[in-house]
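Notes for the one structure printed next.
The values are calculated or read from the model by the stated rules, or taken from the named source; none is laboratory data. Computed from a prediction, not measured in an experiment: that's the story for all the values here. Reconstructed Cβ throughout: ideal geometry from the backbone, glycine too, with neighbour counts over all protein chains shown. These area figures cover heavy atoms from the full protein model, side chains too; ligands, DNA and RNA do not enter into them. Shrake-Rupley method; radii C 1.70, N 1.55, O 1.52, S 1.80 Å.
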Amino acid sequence: MHLNLANSTNKGYPAAMGKRKILLVEDEKPIREMIFFALDGDEYEIIAAVDGREASEYLNANMPDLILMDWMLPDVSGLELVRRIKRDELLSNIPVIMLTAKTEEHNKIDGLDAGADDYMTKPFSVKELSARIRAVLRRLSSGDNNHLSNGILVLDLDKHTVLIDGDELDVGPTEFKLLEFFMTHPEKVYSRAQLLDFVWGRNKFVEERTVDVHILRLRKLLKPHGCDKMIQTIRGYGYLFLTNKE
Ligand code: CA
């Protein structure tokens with residue numbers, strides 16, 4: 001078989017118009033082959049790198065549209081590579097989807113903190129991967145930074161719309177503000193009083209149970225897509241927004 005390798009001589013091969021370049025950094029050959037056979041074609045050109053060195057070499061001279069990054073690489077961790085990419089002015093806007101083994105799942109937060117846009121836990125289906133790639137690229141092609149996103153959930157701050165996997169939700173202004181607050185303050189517990197201060201404003205006199213009413217509405221909106229699980233209730237205290245919703 002022929003795999004496009006990052007260090008092969010054909011890296012200057014012109015991609016067809018509109019073909020997106022995906023750099024796949026993965027040391028496991030079966031996974032490289034699976035992704036290559038499933039995705040390399042009219043829509044995407046898959047460039048494979050087997051370790052951090054090959055990936056870095058490729059990135060020194062090329063700008064892929066997206067990077068699929070394995071967590072455990074032989075020479076450097078995928079996490080460290082993502083950090084480097086996100087610190088690099090030229091590369092920082094390239095979206096990254098991390099690929100991780102089940103046992104490394106607890107490291108998800110680190111990956112997202114390092115700047116990864118999404119996460120896939122092995123084993124995954126190429127169909128699922130392909131859907132995630134489309135979602136990430138679609139978010140990017142909307143072209144500006146006035147978006148907040150978390151997996152398939154996207155907030156458009158200009159249009160005040162909420163999209164889940166491309167579908168627009170009918171969201172009220174308070175639910176929007178609440179969701180915006182959560183998405184910019186994930187992984188931290190907020191009390192009802194704090195949420196009232198931050199979302200409703202400090203000098204509004206609103207009962208704490210108002211928060212629960214709007215959380216309920218927000219969860220209802222997010223529920224059909226399973227995103228309601230991102231909002232966790234901390235009993236007797238308040239709420240927490242999770243960035244990993246697997
Ligand atoms: Ca690996």
Open item on the list: If Leu23 satisfies all but one of (1) away from the ligand (no atom under 16 Å from the Cβ); (2) within 30 Å of Met183 (Cβ to Cβ), what's the number of the condition it fails?
Closed with: (1)
TODO: Please determine, by comparing only the residues of the stretch 157-171 that are in contact with a Leu (Cβ under 9 Å, 6 or more places away or on another chain) and modelled with pLDDT of 85 or more, which one is surrounded by the fewest Cβ atoms within 10 Å (Cβ to Cβ).
DONE: Asp170
Open item on the list: Could you list, ordered by first residue, the pairs with Cβ atoms under 9 Å in which the first is in the stretch 12-25 and under 17 Å from Arg134 (Cα atoms) and the second is of a type in the set (Phe, Trp, Tyr) and at pLDDT 50 or above, at least 6 apart or interchain?
Closed with: Lys19/Tyr44; Arg20/Tyr44; Lys21/Tyr44; Ile22/Tyr44; Leu23/Tyr58; Leu24/Phe36
Task: Odd one out for Asp117, checked against (1) crowded, with 17+ Cβ neighbours inside 10 Å; (2) within 16 Å of the ligand (Cβ to nearest atom); (3) free of Cβ contacts under 8 Å to residues at least 60 places away in the same chain - done: (2)
TODO: Could you list, in sequence order, all residues of the stretch 40-71 that are of a type in the set (Asp, Glu) and within 18 Å of Tyr119 (Cα to Cα)?
DONE: Asp65, Asp70
TODO: Go through the residues of the stretch 36-44 one by one and say whether even a single one is more than 16 Å from the ligand (Cβ to nearest atom) and modelled with pLDDT under 60.
DONE: no
Open item on the list: I need every pair where a residue in the stretch 175-204 that is surrounded by 15 or more Cβ atoms within 10 Å (Cβ to Cβ) has its Cβ under 9 Å from the Cβ of a residue that is among the acidic types (Asp, Glu) and not in a helix (DSSP H, G or I), sequence separation at least 6 or different chains.
Closed with: Ser191/Glu208; Arg192/Glu208; Leu195/Glu208; Leu196/Glu207; Leu196/Glu208
Open item on the list: Quick test of your reading of the structure: Leu221 fulfils all but one of (1) within 25 Å of Leu169 (Cα to Cα); (2) open to solvent by 70 Å² or more (accessible area, probe 1.4 Å). Name the failing condition by number.
Closed with: (2)
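If a residue must be more than 16 Å from the ligand (Cβ to nearest atom) and part of a strand (DSSP E or B), how many such residues does the stretch 46-103 contain?
Taking the stretch 46-103 first, the residues more than 16 Å from the ligand (Cβ to nearest atom) are 46-47, 56-66, 83-95.
With the extra rule that they be part of a strand (DSSP E or B), the set shrinks to 46-47, 66.
Adding up the residues that qualify gives 3.
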